[in-house]
1. Using amide H atoms built in the peptide plane, which far-off residues or other-chain residues are under 5 Å from residue 107 H to H?
2. Please state the shape class of region 397-460: rounded when a/c is under 1.5, otherwise prolate if a/b exceeds b/c and oblate if not, all from the C-alpha gyration tensor.
3. Spin-label point model (7 Å from Cα, Cβ direction): what's the residue 361 to residue 58 distance in nm?
4. Kindly write out, for region 139-149 in residue order, the coupling ³J(HN,Hα) from the Karplus curve 6.51 cos²θ - 1.76 cosθ + 1.60 (θ = phi - 60°), rounded to whole Hz, with x marking Gly and Pro.
5. Mind checking the full-extension length gain between residue 460 and residue 260? Use 0.36 nm per residue of separation minus the Cα-Cα distance, one decimal, nm.
6. Taking the Cα centre of the chain as origin and charging only Cβ (+1 Lys, Arg; -1 Asp, Glu), how large is the dipole, in debye to the nearest 20?
7. To check you understand DSSP bridge types, tell me what percent of the beta bridges within region 163-393 (both residues inside) are antiparallel, rounded to 5.
8. Would you work out which of 445, 400, 460 lies farthest towards the positive end of the dipole of region 397-460? Charges go on Cβ: Lys and Arg +1, Asp and Glu -1.
Amino acid sequence: MSNKTDRKGTFAFVSLGCPKNLVDSERMLGKLAQDGYALVPDADGADVVVVNTCGFIEPARQESLAVIREMLALKKDGRVGSVVVAGCLAERKKDDLLLEVPEVDHIVGVFGREEIASVVDRTLHPPKRKRGSEVAEQRSLFRPAPVRAQEDTARLRITPRHYAYLKISEGCDRLCTFCAIPGMRGKHVTKPIEEVLREARELAADGVRELILVAQDTTYYGLDLYGKVRLAELLRELDKIDGIDWIRVLYAYPIHFTDELIDTLAGARKILPYLDMPLQHVNDRMLKRMQRRVNRTETVNLLGRLRSAIPGLALRTTFIVGFPGETDAEFEELHEFVKSTGFERVGVFPYSFEPGTPATRLDDHLPEEVKLERRNRLMEAQQEVAFAWSRKQVGRELDVIVDGPDPEVPNHAVGRSYADAPDIDGSVRVKGKNLRAGDLVRVKVTGADGYDLAARMLKVAK
């Protein structure tokens, strides 16, 4: 292996965007490592840098372009051999991306990830062109969306060893008017149950204790492949896998919540009482303009059913403010809804004008300052709700999974409760000796600091 690695060279990797993109990154990392490339932690000095980009909204695209240009500056100074751009931004812009950053050596669309090793080979060892040839070198690779879900095995994971994201499907059949994802990720393609279980067992054998299910729309799982939704069945099978202690469900669209699914979420041993459900708005006219295919009454009824069935449920959601045509009264309806409903976790995003989406053709687009003011007001309302929830946890006993030592305080560790997904939610600072990443411990909450909690360790939970 070492001889092959020496021959192939070194690579650095930058992964941007959502957990679904991160799974793609880990798959590409695994492919490159299997092909004999050695991963290095710093781009400076690497033979090649791969940037897996996000193209979802304008701020994410600007972040991706900034990272690309940073890598190209290293290349210009002779400190990086070549730069390959992959992922959603490449898929969305196609060859036009090369007009913006012409110094990039190669771009690879979302569905070209399986060929990343051959692309890197080509950038480091370009084929010789025939003398006098005027044919331009092909510097992009795009493949059509697969009709079957791609496997995500043999990943070189970049999350901590004790938790991992498991993608259960690809693409989306929802046609929300604000969203560009179907154009980048294609139609919904369910990963077969047996394949999801195989990947979950592989992750458990690799030390994963917390399994985080992701998709563009988890509640749609199975409909395209089996003719009916089968998320409840999948969850029951995952609940049986040895080695997994926590299962967390993200991106659950508020449709297809059957009684069977709610009963499964409530009754499983390992599924956390935590649910990420992007609602985007609550006003009926806004929901119709967004083409969400759900209304306020249905949303309120579903939230009530979930709260009744799952004691202590932590609900996370996201909202878009400043959508085209949103009136002051419609925003105030959303504002009051957030204040009164008591979501434990909320993300708020100002509407982003996304070229190629139906929402761009709607009338009454709002000024940026209005969007930002509404975003800030909604987050202030939610902050009061979230901080009050944190204060209510003081004195409670909780299980916490440790993510690592606290870098600021000796004999303390930083972890997460059932109510905290990695990177997007709060954390729990635990006082206790010899705590290691991946430990599952029982704690007593001693204080609240905004979104975060402080606690002392009682015992090892498992």
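Read-outs throughout are calculated quantities, based only on the coordinates presented, and are distinct from any laboratory measurement. Just so we're clear, the structure is a prediction, and the values are computed from it rather than from any experiment. Here Cβ is always computed from backbone atoms with ideal geometry, including for glycine, and neighbour counts include all displayed protein chains.
1. Answer set, sorted by chain and number: 85, 140, 141.
2. On the way: a/c = 1.26, a/b = 1.22, b/c = 1.03.
It comes out rounded by the Cα gyration axes.
3. Once both label points are built, they end up 2.1 nm from each other.
4. Along region 139-149, the couplings run 10, 9, 9, 10, 10, x, 4, x, 7, 10, 5 Hz.
5. Values: separation 200, 0.36 × 200 = 72.00 nm, distance 3.31 nm.
Length gained between residue 460 and residue 260: 68.7 nm.
6. Details: 70 positive and 71 negative charges, 210 e Å.
So the magnitude is around 1000 debye.
7. Working: 2 of 23 bridges.
Here the share of antiparallel DSSP bridges comes out near 10 percent.
8. Positive-end residue among those listed: 460.
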